[in-house]
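See structure below.
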There are 2 protein chains.
Amino acid sequence: MSTVLSSANIDPQSDNLDTEAQPNGRDGGRAKATDIREAIEQEILTGLRKPGAKLDEKGIADRFAVSRTPVREALQQLATAGLIELIPHRGAFVRSVSIRELIEMFEVMAELEGMAGRLAARRVDADMLAVLQKRMVACRTAAESQDPDAYYHENERFHRAIYEACGNAFLEGEAKRLHQRLQAFRRLQLRVPKRIDQSLAEHETIVEAIDARDEAGCEQVLRNHILIQGERFADFVALLDEPATGTAGS
Amino acid sequence: MSTVLSSANIDPQSDNLDTEAQPNGRDGGRAKATDIREAIEQEILTGLRKPGAKLDEKGIADRFAVSRTPVREALQQLATAGLIELIPHRGAFVRSVSIRELIEMFEVMAELEGMAGRLAARRVDADMLAVLQKRMVACRTAAESQDPDAYYHENERFHRAIYEACGNAFLEGEAKRLHQRLQAFRRLQLRVPKRIDQSLAEHETIVEAIDARDEAGCEQVLRNHILIQGERFADFVALLDEPATGTAGS
DNA sequence: GTCAACAGGATTGTATACAATTTCTATGAG
DNA sequence: CTCATAGAAATTGTATACAATCCTGTTGAC
């Protein structure tokens, strides 16, 4: 199975992660299946629930003060989305993402992003271009503030703007889905010192290419923009390797 | 909402499509949630269940001789996969695919296929190449038999072989998923008279490109190979237009 | 001391019961 | 005759109960 990121068996993780982890706002809207799905999804993507960790139905049900029924529906959805694995009669487990699979995902992401950029360069109108430029400026501001989290956020919005500009709603959906799936890793990746400056420079090049209606150029830059993240990330994990690695047995 | 393919309101479709439509084989293995999902999925993809048609929980449950619980789980999965739409307190409906969305999906499919071809040309080994050639020959045999269904089947296997040869398991999964999603439309598309011959010729070009390790060439041919299907299909529906079109209001 | 077999407990999968919401139908006003 | 409204029937969403399966700890044979 090769190396795996971020092990489970660190903490039994009693599944009542927090007593305060109530759904949305006060109990105004009782937790529906969708709320539960989103909550757990977020916990997985942010790394709160570690790969390999088991998701206890009863525990989650108790935490949200509902029965197991809506919890199971949420788990079904998460399984179809590929975030967890549902083993019959054994339970639900956060899927372990191997380095290999992660690189593969970045490879596909790069292709989709490149495609979105190419289409955006072909189809963008004045309004959309203005939005993109605005998002890019926001990225620059965030970068200057030297706050990785702020940049992370603006970077997110910038890329989503590109998806939206591509004029292909289906592609937009697929790209957002995969983007979200990778978000936890992308975040880590931005810690690398000079990466933010480089990322920002690439953003500028991307917007210029779209402005110039340079389809091939935009595709190329955008694709590399993502691929670099994948490679950098691979380097990153190759460096630590031991610490948080190896789920079952290294 | 623009034009939509294949309307629902043709037949109440009493949801007991068939009394004989029992699950797998005899009742040896009782119908689990997965079986139900696959059965319904197939019914949707083959066009048996038409876009907009409602999926009655109780009806399906009765048909498979189970309670509503596993049926609901199956529906959840299908909703996440994008095949049906789950409207709260209203029920599950087969998603209507607009022509626009369909073209968008073909556009993405073309990109993924092109990518798979490019990677296959880069990474293929002797064994995989042999498999591809074998699949291609099988396509030729089927084409010569003038049997659209036979060709459809072999065509399916040929494309899956390319996905498997690309060396990116994640891409392979995504491509197969989308491919399956489009299978119903692809099938229709092959009815066009000379399309099979042309498709076969393209297959031969693709294998040659992979054999020659011509990444760019293979990507190009494969991408067009899919895009043509999308365009042809758009032409196709534009032709009929009226007959089986328009779900809510034209 | 090690390993296999078995019983008990715990957890998942399914069925049934009930609550919440929507849709259909009938009634009556305008 | 049309439309709005109220109530009944049907359907979805959730909770609870039960069945099937798996995990754990103990016992006993070798």
**Message:** Residues of segment A:62-79 that become at least 40 Å² less accessible with every protein chain present than in their own chain isolated, using 1.4 Å: which are they?
**Reply:** A:73, A:76, A:77
**Request:** Using amide H atoms built 1.01 Å from N in the peptide plane, name the residues 5+ places from residue B:84, or on other chains, whose amide H lies under 5 Å from its own.
**Result:** B:79, B:95
**Request:** For residue A:55, list long-range residues whose amide hydrogen, built 1.01 Å from N in the peptide plane, is under 5 Å from its own amide hydrogen.
**Result:** A:92, A:93, A:94
**Asked** Where a ≥ b ≥ c are the square roots of the eigenvalues of the C-alpha gyration tensor, would you call segment B:188-230 rounded, which needs a/c under 1.5, or, failing that, prolate if a/b is larger than b/c, or oblate?
**Response** oblate
**Request:** Between residue A:100 and residue B:198, with labels modelled 7 Å along Cα→Cβ, what's the label distance in nm to one decimal, could you check?
**Result:** 4.0
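Note down the net charge around residue A:73, summing +1 for each Lys or Arg and -1 for each Asp or Glu among other residues with Cβ under 14 Å from its Cβ. Spell out each step's value before the answer.
Numbers: positive: A:32, A:37, A:68, A:72, B:37, B:68, B:72; negative: A:35, A:38, A:41, A:57, B:57, B:73.
Every neighbour counted, the sum reads +1.
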**Prompt:** Relative to the isolated chain, which residues of segment A:161-175 have their accessible area cut by 40 Å² or more in the presence of all protein chains (1.4 Å probe, heavy atoms, no ligands or nucleic acids)?
**Reply:** A:168, A:170
**Request:** Pull up all non-local amide H partners of residue A:49: gap of 5 or more, or a different chain, and H-to-H distance under 5 Å with H placed in the peptide plane.
**Result:** A:44
**Item:** Buried on assembly, segment A:103-120 (at least 50 Å² less accessible surface than by itself, 1.4 Å probe)
**Value:** A:104, A:107, A:108, A:111, A:115
**Request:** Using only the Cα atoms of segment B:99-240, build the gyration tensor, take square roots of its eigenvalues as a ≥ b ≥ c, and label the shape rounded, prolate or oblate: rounded if a/c is under 1.5, else prolate if a/b is larger than b/c, else oblate.
**Result:** oblate
**Prompt:** Tell me, what is the per residue accessible area of segment A:33-94 in Å², probe radius 1.4 Å?
**Reply:** 45
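How high is the relative contact order of segment B:68-209, in percent, with contacts defined as C-alpha pairs under 8 Å that are six or more residues apart?
On the way: 103 pairs, mean separation 35.3, N = 142.
Relative contact order, segment B:68-209: 25 percent.
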**Message:** Distances in nm, one decimal, shortest first, from residue A:59 to the same residue in every other copy, taking the label point 7 angstrom along Cα→Cβ.
**Reply:** 4.2
**Message:** Pairs of alpha-carbon atoms within less than 8 angstrom and 6+ residues apart define the contacts here; what relative contact order does segment A:33-94 have, in percent?
**Reply:** 42
**Request:** Starting from the Cα of residue A:69, step 7 Å along the direction of its Cβ; do the same at residue B:69; then give the gap between the two resulting points in nm.
**Result:** 1.0
**Asked** Among the lysines, which fall within straight-line cross-link reach of residue B:58, defined as a Cα-Cα distance under 18 Å, with same-chain neighbours fewer than 8 residues apart omitted?
**Response** B:32
**Heavy-atom accessible area per residue - segment A:99-240, 1.4 Å, Å²** = 42
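Please report the buried accessible area for the interface of B with A, total over both chains, probe 1.4 Å, in Å² to the nearest 100. If you can, show how the numbers build up before the last one.
Numbers: alone 13350 and 13360 Å², together 24330 Å².
In total, chains B and A hide about 2400 Å² from solvent.
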**Request:** Report the calculated FRET efficiency for residue A:231 and residue A:177 (r = Cβ-Cβ distance, R0 = 30 Å), to the nearest 0.05.
**Result:** 0.85
**Asked** Under a Cβ-Cβ cut-off of 12 Å, what is the net charge of the residues other than residue B:124 that fall near it, where Lys and Arg count +1 and Asp and Glu count -1?
**Response** -2
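Of the trypsin sites (Lys or Arg not before Pro) in segment A:85-141, which ones lie in a loop per DSSP and count no more than 12 other C-beta atoms within 10 Å? Walk me through the numbers before you get to the answer.
Numbers: sites: A:90, A:95, A:100, A:118, A:122, A:123, A:134, A:135, A:140; in loops: A:90, A:95.
Sites meeting the loop and neighbour criteria: A:90.
The values are calculated or read from the model by the stated rules, or taken from the named source; none is laboratory data. Everything numeric in this text was worked out from a predicted model, so none of it was measured. Positions of Cβ are generated from backbone atoms using ideal geometry, with glycine treated the same way; all protein chains shown enter the neighbour counts. We work out accessible area using only protein heavy atoms, side chains counted, and drop any ligands, DNA or RNA first. Shrake-Rupley method; radii C 1.70, N 1.55, O 1.52, S 1.80 Å.
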